[in-house]
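*Asks:* Just dropping this structure here.
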Amino acid sequence: MPGNILDVKVNVGDHVEANQLVLMLEAMKMENEIFTPVAGTVVGVHVKKGDSVNSDDLLISIG
């Protein structure tokens, strides 16, 4: 969903578990927690705090 990035909780190189909180997104005046669907290593963070994003934007890459 389109919105603004409130906070990025991970950095490139971090190991993440499935269902780990990685981003906070504000959309429609509500804060939404974004969780990773898989475990792995963060290989790319494509947004930063304050960025505006659209529905199909790539936010974080996990390898």
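*Asks:* Per residue of region 42-49, in order, report the coupling 6.51 cos²θ - 1.76 cosθ + 1.60 (Karplus, θ = phi - 60°) as ³J(HN,Hα) in whole Hz, putting x for Gly and Pro.
*Replies:* Working through the residues one at a time gives 5, 9, x, 10, 9, 9, 9, 3 Hz.
*Asks:* Right, here's the next one. By how many nm would the segment from M1 to V38 lengthen if fully extended, with 0.36 nm per residue of separation less the alpha-carbon distance?
*Replies:* Working: separation 37, 0.36 × 37 = 13.32 nm, distance 2.00 nm.
That pair, M1 and V38, stretches by 11.3 nm at full extension.
*Asks:* Using 0.36 nm per residue of separation minus the Cα-Cα distance, give me the extension gain between H15 and K29 in nm, one decimal.
*Replies:* Values: separation 14, 0.36 × 14 = 5.04 nm, distance 3.05 nm.
Difference between extended and current length: 2.0 nm.
*Asks:* Report the local net charge at V47: Lys and Arg +1, Asp and Glu -1, summed over other residues whose C-beta lies under 14 Å from its C-beta. The partial results should precede the final answer.
*Replies:* Numbers: positive: K9, K48, K49; negative: D7, E26, D51, D56, D57.
Net charge around V47: -2.
*Asks:* Hey, another quick one. Excluding F35 itself, calculate the net charge of residues whose Cβ lies under 15 Å from the Cβ of F35, where each Lys or Arg counts +1 and each Asp or Glu counts -1. Present the calculation step by step, with values, prior to reporting the outcome.
*Replies:* Numbers: positive: K9; negative: D7, D14, E17, E31, E33.
Every neighbour counted, the sum reads -4.
*Asks:* Also, quick follow-up: List the relative contact order of the chain as a percent without decimals, with contacts defined as Cα pairs under 8 Å and 6+ residues apart.
*Replies:* Numbers: 146 pairs, mean separation 24.7, N = 63.
Result for the chain is 39 percent.
*Asks:* In a solvent-free Debye calculation with one equal scatterer on each Cα, what is log10 I(q)/I(0) for the chain at q = 0.14, 0.15, 0.25 Å⁻¹, listed in the order of the q values?
*Replies:* Each listed q maps to, in turn, -0.35, -0.40, -1.07.
Here, each number is a calculation from the coordinates, and none is a lab measurement. Everything numeric here is computed off the predicted structure, so don't read it as measured data. Ideal geometry is used to build each Cβ from the backbone, glycine not excepted, and the neighbour counts take in all protein chains shown.
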